[in-house]
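Colleague: Encoded as structure tokens, here's the structure I'll be asking about.
Just so it is clear, none of the values below were taken in a lab; they were calculated from the coordinates. This structure is a prediction, so every number in the text was calculated from the model and none was measured. As a convention, Cβ positions derive from the backbone with ideal geometry for all residues, glycine included, and neighbour counts pool all protein chains shown.
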Amino acid sequence: MSSSGGDPAVGHVAIIMDGNGRWAEQRGLPRSKGHEAGERALFDVVEGALEAGLRYLSVYAFSTENWTRPSDEVEFLLNFNRALLRKRRDDMNERGVRIRRIGRREPVPREVLDEFDQAEAFTAHHTRLDLMVCFNYGGRAEIEDAAKQGSIQDNLYAPDVPDVDLIIRTSGERRLSNFLLWQSAYAELYFTDMLWPDFDRHSLFEALRDYSGRQRRYGGLG
Ligand code: IPE
Ligand code: IPE
Ligand code: MG
């Protein structure tokens, strides 16, 4: 999405929701409590995305690398995401949010995939905001999977979704961790030290304000 003069347009924001474990550790709590605390942040940010009129919001919920965590944490995250979908699905539906999962299906357990499939089918008719839940997602896996089919661009997990305009990463880490590598070729990057459970819609608005002062040149002269 380019713009000539004035604020750059923003249609697609992608968030690396990081820092849940540290948030919990700072409070002497188990890491799982940090993931639980991240739920409120996520759904407040969805409200913010609706308020801001974003069309696409991608969130990194579980990476292809996250399987290397201790098995109890992996199991917690699988069950937690499944429960969260069930709990929030009606709410998202009422707000006109279309839920979409992207990522490899293997080796996500059947019951977790079923929950995603149901949420997707239930909200498929909405066009206000697409909430792209990146689950068992890896940018390299996506590019490999697409390349096997032919053209990469046409065979991405969600080829209809435009490139990312702005990537937000919380928790002070300054890396992409295999997130939307193809789609973020020209994304603006925004890093904040805030841990994900402390993030909210106002933090999103702050990031969007920062973005509005950027000049996107796409290799040209602007
Ligand atoms: C992000 O928080 C959530 C997932 C990766 C699933 P972390 O669990 O990575 O939290 P930190 O980075 O250890 O603090
Ligand atoms: C990225 O966070 C993945 C998600 C937010 C789901 P990680 O915590 O897994 O990333 P690294 O290990 O710090 O790069
Ligand atoms: Mg992390």
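Colleague: Return the long-range amide H neighbours of Glu188 (sequence gap of 5 or more, or a different chain), with a cut-off of under 5 Å between placed amide H atoms.
Modeller: HN-HN under 5 Å from Glu188: Leu166, Ile167.
Colleague: Quick check: from the Cα gyration tensor, does segment 1-102 come out rounded (a/c under 1.5), prolate or oblate? Please list the in-between numbers first.
Modeller: Numbers: a/c = 2.08, a/b = 1.70, b/c = 1.22.
Judged from the Cα gyration tensor, segment 1-102 comes out prolate (a/c at least 1.5, a/b above b/c).
Colleague: Kindly write out, for segment 31-48 in residue order, the coupling ³J(HN,Hα) from the Karplus curve 6.51 cos²θ - 1.76 cosθ + 1.60 (θ = phi - 60°), rounded to whole Hz, with x marking Gly and Pro.
Modeller: 3, 4, 5, x, 5, 4, 5, x, 4, 4, 4, 4, 6, 5, 5, 4, 4, x
Colleague: Could you rank the peptides 51-59, 102-110 by their average count of other C-beta atoms within 10 Å per residue, with the highest value first?
Modeller: Values: 51-59: 18.8, 102-110: 13.7.
Highest to lowest by the protection proxy: 51-59, 102-110.
Colleague: On average over all directions, what projected area in square nanometres does segment 12-212 have, based on the convex hull of its Cα atoms? Can you show the working numbers first?
Modeller: Details: hull surface 42.7 nm².
Seen from a random direction, the Cα hull of segment 12-212 projects 10.7 nm² on average.
Colleague: Right, here's the next one. Using amide H atoms built in the peptide plane, which far-off residues or other-chain residues are under 5 Å from Arg128 H to H?
Modeller: Arg98
Colleague: Going highest first, how would you order 21-32, 156-167 by mean Cβ packing within 10 Å? Working shown, then result.
Modeller: Working: 21-32: 15.7, 156-167: 18.2.
Top to bottom by mean Cβ count within 10 Å: 156-167, 21-32.
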